[in-house]
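Any read-out appearing in this document is the output of simple, stated calculations on the displayed coordinates, not a laboratory observation. Given the structure is predicted, the values throughout are model-derived calculations rather than measurements. Don't worry about glycine lacking a Cβ; one is built from the backbone with ideal geometry, like all the others, and counts go over all protein chains shown.
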Amino acid sequence: MNYIVGIDIGGTNLVLGTVSEDGSVLYGLRKEPTRAEEGPDAVVARLVGLSRQAIEDTRAADPETKVIGVGIGSPGPLDRVTGRVLITPNLGWTDFPLRDAIREALALPTALDNDANCAVLGEWWRGAARDTQHAVGITVGTGIGGGIIIDGKLYHGFSEVAGELGHTTIDANGRLCKCGNYGCLEAYAAGPAIARRAVEALRAEVDSSLPDYVSGKLEALSAQIVYQAARDGDQLALEVVRETSRLLGIGIANLVNIFNPEVVVVCGGVTMAGASLFDPLRQEVRRRAFRPAAEACRIVPGELIGTAGVYGAVRAFLDQLDDGLISGMDDA
């Protein structure tokens, strides 16, 4: 059977594995911290080593394995044609030839796409948005990204930057975002921003059990801890999650009005918040979006927890192969 290595580069973690051409089998799953401060060359070296381990695992499980390529999902903006990462606010990379670095090291045809595009593409191919033709996905992690499926095909836009949903403005005079703009959705509702808002409330002496979760070390507070405290009933954590729901609801309502999708998939660590996030989020979308669009649209959590980007990177490779964007090379 043919397999493709799928690589998902996140601001916090690297995740990769090999996926069969039909998407039915995943082998060799690997995950480790990104450590972007080491620089792109060091990250590439670790990705190459992890990929080789995953390929070995796959061949051990399936002796008939043929690895035909590599798909990479990376933060962007980026250029799929040249394979270069143009700028990554959450990684600090600029004009880096990521695709060719991986391609040359592994001696395999390689495709590059935006990491959030890949997560949404994975959910459309094998997850919560399967069997739809019109879908939008929003990824909430270290940053906020997204992807748009129109007529069953990932939409990239004229200059390849469609889907940067985290950098839509929700407050014209709001917080400074890493991208340099003010009031971006990412500056309020990405994982680090959720933790930051909780810390700000704690420093304003709002009563909460949140410090107990981190032994009083507020710098260790994360969005995941806020979600856990909310599930445990902490009122401050619940308020932070409710405000996050409202802000995400504003962003998603705009997407529902613009794209009229069948489904909106919310991916990433934020799904850990469960009903405390999704119930008010759906209410906010119903309040703000046009009724015919809102009533026709399902808003659901992603199903491929931790692996959506891997599946999507593989599907991006297959799509770019079909579109003639990938040059051939001997398989590994």
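If exposed means no more than 14 neighbouring beta carbons inside 10 Å and the site is in a DSSP loop, what's the longest run of the chain without any exposed GluC sites (Glu not before Pro)? Kindly include the intermediate steps, with their values, before the conclusion.
Numbers: sites that count: 64, 205.
The longest uninterrupted stretch comes out as 65-204.
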inquiry  = Could you list 113, 234, 171 so that the one with the fewest beta carbons within 10 Å of its beta carbon is first and the one with the most is last?
reply    = 171, 234, 113
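Considering only the chain, what is the antiparallel percent among its DSSP beta bridges, to the nearest 5?
Working: 28 of 50 bridges.
If I count the DSSP bridges inside the chain, around 55 percent turn out antiparallel.
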ask   = Hey, got a sec? Which trypsin sites (Lys or Arg not before Pro) in region 62-160 land in a DSSP loop and have at most 16 other Cβ atoms within 10 Å?
value = 130
task = Apply the Karplus parameterisation 6.51 cos²θ - 1.76 cosθ + 1.60, with θ equal to phi minus 60°, to every residue of region 214-222 and state each ³J(HN,Hα) to the nearest whole Hz, in sequence, with x for glycine and proline.
result = 10, 6, x, 8, 4, 5, 8, 5, 10
note = The helix 235-259 Cα axis meets the longest alpha-carbon principal axis of the chain at an angle in degrees, between 0 and 90 and rounded to 10, of 60 degrees
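Could you tell me the calculated FRET efficiency between residue 1 and residue 155, based on Cβ-Cβ distance and R0 = 45 angstrom, to the nearest 0.05?
Details: r = 30 Å, r/R0 = 0.67.
The computed FRET efficiency comes out at 0.90.
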query = Can you sort 57, 95, 151 so the residue with the fewest Cβ neighbours within 10 Å comes first?
reply = 151, 95, 57
key: Computed lengthening from residue 214 to residue 32, 0.36 nm per intervening residue step minus Cα-Cα distance   = 63.3 nm
remark   = Non-local residues with an amide H under 5 Å from the amide H of residue 78, with H modelled 1.01 Å from N and Pro and chain starts lacking one, are 86
inquiry  = For a test of the definition: using alpha carbon positions, the gyration tensor, and the 1.5 limit on a/c, classify region 72-185 as rounded, prolate or oblate.
reply    = oblate
request  = Distance between Cα centroids, region 229-301 to region 155-199: provide it in whole Å.
outcome  = 16 Å
ask   = What are the trypsin sites (Lys or Arg not before Pro) within region 209-267 that DSSP puts in a loop, where the Cβ has at most 10 other Cβ atoms within 10 Å?
value = 217
inquiry  = With a 10 Å cut-off between alpha carbons and a GNM built on the chain, which of 229, 60, 294 moves the most?
reply    = 60
task = Could you list which residues have their amide H under 5 Å from that of residue 183, counting only those 5 or more apart in sequence or on another chain, with H placed in the peptide plane?
result = 174, 175, 176, 177
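Efficiency by 1/(1 + (r/R0)^6): what FRET value for residue 132 and residue 25, r their Cβ-Cβ distance, R0 = 30 Å, to the nearest 0.05? It would help to have the intermediate numbers written out before the result.
Values: r = 23 Å, r/R0 = 0.77.
The computed FRET efficiency comes out at 0.85.
Decide, for the chain, between rounded, prolate and oblate: order the square roots of the alpha carbon gyration tensor eigenvalues as a ≥ b ≥ c, take rounded if a/c falls under 1.5, and otherwise choose prolate if a/b is larger than b/c, else oblate. Provide the component values of the computation, followed by the final result.
Details: a/c = 1.81, a/b = 1.47, b/c = 1.23.
Prolate, since a/c reaches 1.5 and a/b exceeds b/c.
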ask   = Once amide H atoms are placed 1.01 Å from N in the peptide plane, what residues at a sequence separation of 5 or more from residue 263, or on another chain, have their amide H within under 5 Å of its amide H?
value = 136, 298
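So if I take the alpha carbon set of region 185-324, get Rg, then get Rh from the Kirkwood formula, what is the Rg over Rh ratio?
Working: Rg = 17.3 Å, Rh = 16.4 Å.
A ratio of 1.05.
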query = With each label point set 7 Å from Cα along the Cα-Cβ vector, what nm distance links residue 231 and residue 322?
reply = 3.7 nm
inquiry  = Exposed loop sites here are chymotrypsin sites (Phe, Trp or Tyr not before Pro) in DSSP loop states with at most 13 other C-beta atoms within 10 Å. What is the longest stretch of the chain lacking them?
reply    = 1-157
